[in-house]
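All remarks here apply to the structure that follows.
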Amino acid sequence: MAFNFGAPSGTSGTAAATAAPAGGFGGFGTTTTTAGSAFSFSAPTNTGTTGLFGGTQNKGFGFGTGFGTTTGSSTGLGTGLGFGGFNTQQQQQQTTLGGLFSQPTQAPTQSNQLINTASALSAPTLLGDERDAILAKWNQLQAFWGTGKGYFNNNIPPVEFTQENPFCRFKAVGYSCMPSNKDEDGLVVLVFNKKETEIRSQQQQLVESLHKVLGGNQTLTVNVEGTKTLPDDQTEVVIYVVERSPNGTSRRVPATTLYAHFEQANIKTQLQQLGVTLSMTRTELSPAQIKQLLQNPPAGVDPIIWEQAKVDNPDSEKLIPVPMVGFKELLRRLKVQDQMTKQHQTRLDVLIKQEIQRKSGYAIQADEEQLRVQLDTIQGELNAPTQFKGRLNELMSQIRMQNHFGAVRSEERYYIDADLLREIKQHLKQQQEGLSHLISIIKDDLEDIKLVEHGLNETIHIRGGVFS
């Protein structure tokens, strides 16, 4: 699907690069400080980091449209099973040594952090009474949720709970495609905050603008490998740059060199003005890098879960496990999966129309019969009671049940017939009249009792006077 948007220099580039795996997008990789060689614009001599695989950088994982570093190259981990890749946002810091595969120099600080976290969750001493046990439970709840601060000691700052902490419960592991592109293929991904239709309608202006970003050098030709729609009205554009030498030969600028140029502060500002929100390289990982990634669970992911994810990998040659932390990341991946499903369906619709026209009037062939048998087998597996479709139907039934019960509870109202209401009012009125009559009788009786009492007192007084 490679195509050329046209270069200002008048030379059309070729689309010889290997396309990324179907459904793949984003990337992750290493930052390098490769010299520009024959590439006419200069690359930074020192970015302050050596990327994901060692050097001066912070250790940790973040999530975006690709699994990579903002100061490094990426291999463009795609949406292998409907899930996107993830990327590590690295900050250029000269003071913190150690990368993903080396121990940071602040090991005591990390050790203290672990001790403080354990204290906040199990034995806070903030109040000195039984309220500390309640505080510990509150800290545990915050740690499980992945947000908040854990206070545990008056003399020590509270522990910050993030979704990357080991106790956060909202985590899962998905799988992403590993691309097969080489660094010499020169593929760089630019994510634009624009719709794909807008990008395609302004394709010539886009190429010219990128050519200006590259300094307007006439020996350089900007080519577009492909575009792809992303969720939230974003578009992924994969480009490469061809450089012509004076002797007439040409070569693709390496992806790491092109990326290093795009990451310069002034160049990055120009790209942002064009609507670029993220840039990364799309290159493959070496076997050693893959092994190292698999041997080291990402920050906050339980080693047992990581080991199980490696065991459950449906295709370890093409897919790599990636963590999913938090609801936002899950929502993003669901959007990506939905987007890729729509794109696949669109392609299938076109293929079906072509196949119908091509095979019109022909009898069923042997390979088609084999395909039909395979499809029937797959359909049977999906429709099995214990398989995916059965489970989904069961879950949908439970969800509908819960929604129905919730709606019934929230909409319960009591309605009384008008005639019945009138009868109830009449009955209550009669009851009220009866009570009033009863109260009147009791009052009269009390008056009579007082008269009797008064008469008795006078009789006793007279008799007393006679006998005195």
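The values are calculated or read from the model by the stated rules, or taken from the named source; none is laboratory data. In this text the structure is predicted, and so the values were computed from the model without any measurement. When we count neighbours, we look across all protein chains shown, and the Cβ atoms used for this are built from the backbone with ideal geometry, even at glycine. Surface accessibility is based on the protein's heavy atoms, side chains included, excluding ligands, DNA and RNA. Shrake-Rupley method; radii C 1.70, N 1.55, O 1.52, S 1.80 Å.
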*Among 346-356, 197-207, how do they line up from the highest to the lowest mean number of other beta-carbon atoms within 10 Å?*
197-207, 346-356
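What ranking do 258-265, 124-131 get when scored by the average of other Cβ atoms within 10 Å per residue, highest first?
Top of the packing list down: 258-265, 124-131.
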*asked:* Compute for segment 226-338: radius of gyration divided by Kirkwood radius, i.e. Rg/Rh, restricted to C-alpha atoms, rounded to two decimals.
replied: 1.05
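Work out, step by step, the length gained on full extension between residue 137 and residue 397: first 0.36 nm times the residue separation, then minus their alpha carbon distance; give nm to one decimal.
90.1 nm
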*asked:* No solvent, one uniform scatterer per C-alpha: report log10 I(q)/I(0) for segment 287-377 via the Debye equation at q = 0.12, 0.19, 0.20, 0.21 1/Å, two decimals.
replied: -0.69, -1.01, -1.06, -1.11
*For segment 129-256, what Kirkwood radius comes out of the mean inverse Cα-Cα distance, in Å?*
19.5 Å
_With all protein chains modelled, accessible area of residue 392 [1.4 Å, Å²]_ = 110 Å²
*asked:* Please list, in order, the residues from segment 155-174 whose amide nitrogen is less than 14 Å from a point placed 7 Å along the Cα→Cβ vector of residue 115.
replied: 156-157
*Segment residue 291-residue 245, extension gain: residue separation times 0.36 nm, minus the distance between their alpha carbons*: 12.7 nm
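Could you calculate the contour length gain from residue 270 to residue 202, that is, 0.36 nm times the residue separation minus the distance between their Cα atoms, to one decimal place in nm?
22.8 nm
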*Just name one of 319, 331, 377: the one whose Cα is farthest towards the positive end of the charge dipole of segment 277-412 (beta-carbon charges, Lys/Arg +1, Asp/Glu -1).*
331
*Across segment 194-270, how large is the tail of the calculated P(r) beyond 22 Å, expressed as a percent of all Cα pairs?*
29 percent
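Can you tell me the alpha carbon radius of gyration of segment 289-337 divided by the globular rule-of-thumb value 2.2 N^0.38 Å? Walk me through the numbers before you get to the answer.
On the way: Rg = 11.8 Å, N = 49, 2.2 N^0.38 = 9.7 Å.
Rounded to two decimals, the normalised Rg is 1.22.
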*What is the set of long-range amide H partners of residue 230 at a cut-off below 5 Å, with H atoms built 1.01 Å from backbone N?*
235, 236
_Sequence-distant lysines (8 or more away, or on other chains) whose Cα lies within less than 26 Å of residue 450_ = none
*Pop out the ³J(HN,Hα) list for segment 113-118 in order, Karplus 6.51 cos²θ - 1.76 cosθ + 1.60 with θ = phi - 60°, rounded to Hz; leave Gly and Pro as x.*
4, 5, 5, 5, 4, 4
*Rg to Rh for segment 111-195: what is it, with Cα atoms only and Rh by Kirkwood?*
1.31
_What are the ³J(HN,Hα) couplings of segment 329-337, residue after residue, when phi is run through the Karplus curve with 6.51, -1.76, 1.60 and θ = phi - 60°? Round to Hz, x for glycine and proline._
5, 5, 5, 4, 5, 5, 5, 5, 4
*Spin-label pair residue 145/residue 349, simplified geometry with 7 Å Cα→Cβ offset, distance in nm*: 4.4 nm
_Table column - 3J(HN,Hα) (Hz), segment 348-365, Karplus curve with 6.51, -1.76, 1.60, x for Gly and Pro_ = 5, 4, 5, 5, 5, 4, 5, 5, 4, 5, 5, 9, 4, x, 8, 6, 5, 8
_Three principal axis lengths of segment 333-459 [C-alpha, angstrom, descending]_ = 130, 31, 29
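Which FRET efficiency, nearest 0.05, do residue 155 and residue 328 yield, Cβ-Cβ r, R0 30 Å?
Taking R0 as 30 Å, the efficiency between residue 155 and residue 328 is 0.30.
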*Between residue 449 and residue 427, what FRET efficiency follows from the Cβ-Cβ distance if R0 is 35 Å, with the result rounded to 0.05?*
0.60
